[in-house]
Amino acid sequence: MGFTVKNEISLVGVGIHSGQPVTLLIRPAQSGGIRFVAQGVTIPLGLRYIVPQNLGTNLVREGVLIKTIEHLCAILWYLQLTDLILEVTGGEIPIMDGSGVLLYEAFKKGGRVATKTQRKILTVREPVHIFHKDIFLIALPAKTLQVNYTINFPQNPLKSQNIVFKRKRDFLSTIVSARTFGNVEDVNKLHASGRALGATVENVLAYNSTEYVNEPRFDDEAVRHKVLDLLGDLYASGYDVRAKLIAYKTSHTFNNKSIRKLVRLFGARSS
Ligand SMILES: [Zn+2]
C-alpha cells in the first residue's frame with residue numbers, strides 16, 4: 001500500500017542555489033507514482049532522471065532541471081508517499097530552514113490517504129561495499145532501513161561525528177530538523193562563483209576553521225543531516241530500501257552511485 005496527500009499543499013521559499021523565489025505545489029494523486037512538473041515537463045521520480053552533484057541531488061529531463069530534491073525525498077520516504085504531483089517553479093525545491101522539518105510540517109497539515117500503489121521494496125540480500133578514496137558505504141541485509149553514519153573533519157569544528165539511526169520512529173526526534181552545513185569561507189567562494197546564492201545563516205549550520213558561526217541544534221547536527229540526505233537520496237531512486245548501511249563521508253554523487261549498484265544487484269528480484 002502507498003499513500004498520497006489528502007489536500008493540496010503550497011510552499012514558497014528560496015532556492016539555495018539561485019537565491020531566487022521558488023514555489024512547490026504538492027497535489028494529491030491516486031495513482032501514477034511521484035511526478036515532478038516544471039515548465040510543462042513531467043519528470044517521474046526515479047534513477048533515470050537523477051543527476052547528482054556534490055551540492056545536491058537534481059532531476060533533469062529534456063533540459064528542465066529541478067534542484068535539491070533530497071530533503072523533500074527524505075520526508076516522502078518517512079511518510080511512505082508513493083503518488084503525488086509536485087509542481088515546481090524556479091527550478092528548485094524551497095530550501096526552507098535547511099532541514100526537513102518545515103517540509104514535514106507542511107505535509108502533516110496536508111494529511112495523508114492510502115492509495116492502491118504497491119511500494120517498490122529493494123531488499124539487500126548479501127553484503128555489498130562501494131568505495132571511492134576514503135569514502136565508503138557498506139550495505140548489509142536487514143529487515144528495515146538502518147543507518148550507521150560517520151563523518152570526520154578534524155580540521156574544522158565538526159570533528160568526528162557518528163550516529164546510529166535504527167528505528168524509523170526516531171526520524172522526527174533525531175534526523176528531520178538537522179540542517180545543511182557549510183564552512184563560511186567555502187560559502188563565500190561559492191557565492192563569488194555564482195553558486196549557493198540562497199545559502200545564509202538562516203538555512204545553513206555555518207562554521208569557520210575554529211568555531212560555529214550560528215548555534216547548532218544538536219552537537220552532532222552535521223552527521224544527522226548526512227543521514228537525512230542519504231535517506232532522501234535512497235528514496236529518490238524510487239525504491240524503499242531495506243538494509244543496514246554503514247556510511248562514511250558520502251556525497252550525493254556517491255550516494256547515487258551506491259543506490260545504482262544496489263538496484264543493479266537487487267532491484268530486479270525485489271518487488
Ligand atoms: Zn542536505
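The values are calculated or read from the model by the stated rules, or taken from the named source; none is laboratory data. This one's a predicted model, so the numbers in the text were calculated from it and none came from an experiment. Positions of Cβ are generated from backbone atoms using ideal geometry, with glycine treated the same way; all protein chains shown enter the neighbour counts.
A few notes on this one:
- Test result for GLU126, assigned by TED's automatic domain parsing to the domain that holds SER177 and away from the ligand (no atom under 16 Å from the Cβ): yes
- Residues satisfying the stated conditions in the range 1-11, i.e. in a strand (DSSP E or B) and over 11 Å from ALA106 (Cα atoms): GLY2, PHE3, THR4
- Selected residue (only one of LEU11, LEU25, LEU76 is within 19 Å of LEU231 (Cβ to Cβ) and among the aliphatic types (A, V, I, L, M)): LEU76
- Within the range 17-36, the set of residues being closer than 25 Å to ARG260 by Cβ and either of a type in the set (A, V, I, L, M, F, W, C) or assigned to a loop (DSSP other than H, G, I, E, B) (or both) comprises HIS17, GLY32, GLY33, ILE34, PHE36.
- Scanning the range 122-134 for residues that are more than 23 Å from THR253 (Cβ to Cβ) and either modelled with pLDDT under 95 or of a type in the set (D, E, K, R) (or both) yields a total of 2.
- Some residue of the range 223-239 being away from the ligand (no atom under 12 Å from the Cβ), in contact with a helix residue (DSSP H, G or I) (Cβ under 8 Å, 6 or more places away or on another chain) and over 29 Å from ALA106 (Cβ atoms): no
- Test: residue in the range 110-124 that is in contact (Cβ under 8 Å) with a residue 24 or more places away in the chain, over 22 Å from LYS6 (Cβ atoms) and in contact with a His (Cβ under 8 Å, 6 or more places away or on another chain): no
- Every condition in (1) within 16 Å of the ligand (Cβ to nearest atom); (2) buried (at least 22 other Cβ atoms within 10 Å of the Cβ); (3) of a type outside the set (D, E, K, R) holds for LEU262 except the one numbered (1).
- For the residues LEU81, LEU55, the requirement of being buried (at least 17 other Cβ atoms within 10 Å of the Cβ) and at pLDDT below 95 singles out LEU55.
- Sole residue being small (Gly, Ala, Ser), within 19 Å of the chain's Cα centre (by Cα) and surrounded by fewer than 22 Cβ atoms within 10 Å (Cβ to Cβ), chosen from SER31, SER18: SER18
- Residue among THR68, THR42 that alone is of a type in the set (S, T, N, Q) and either closer than 24 Å to LEU102 by Cα or surrounded by 19 or more Cβ atoms within 10 Å (Cβ to Cβ) (or both): THR68
Conditions tested, residue by residue: (1) within 15 Å of LEU122 (Cα to Cα); (2) more than 15 Å from the chain's Cα centre (by Cα).
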| residue | (1), (2) |
| --- | --- |
| PRO216 | no, yes |
| ALA222 | no, no |
| HIS225 | no, no |
| ASP229 | no, no |
| SER237 | yes, no |
| ASN255 | no, no |
| ARG260 | yes, yes |
| ALA268 | yes, yes |
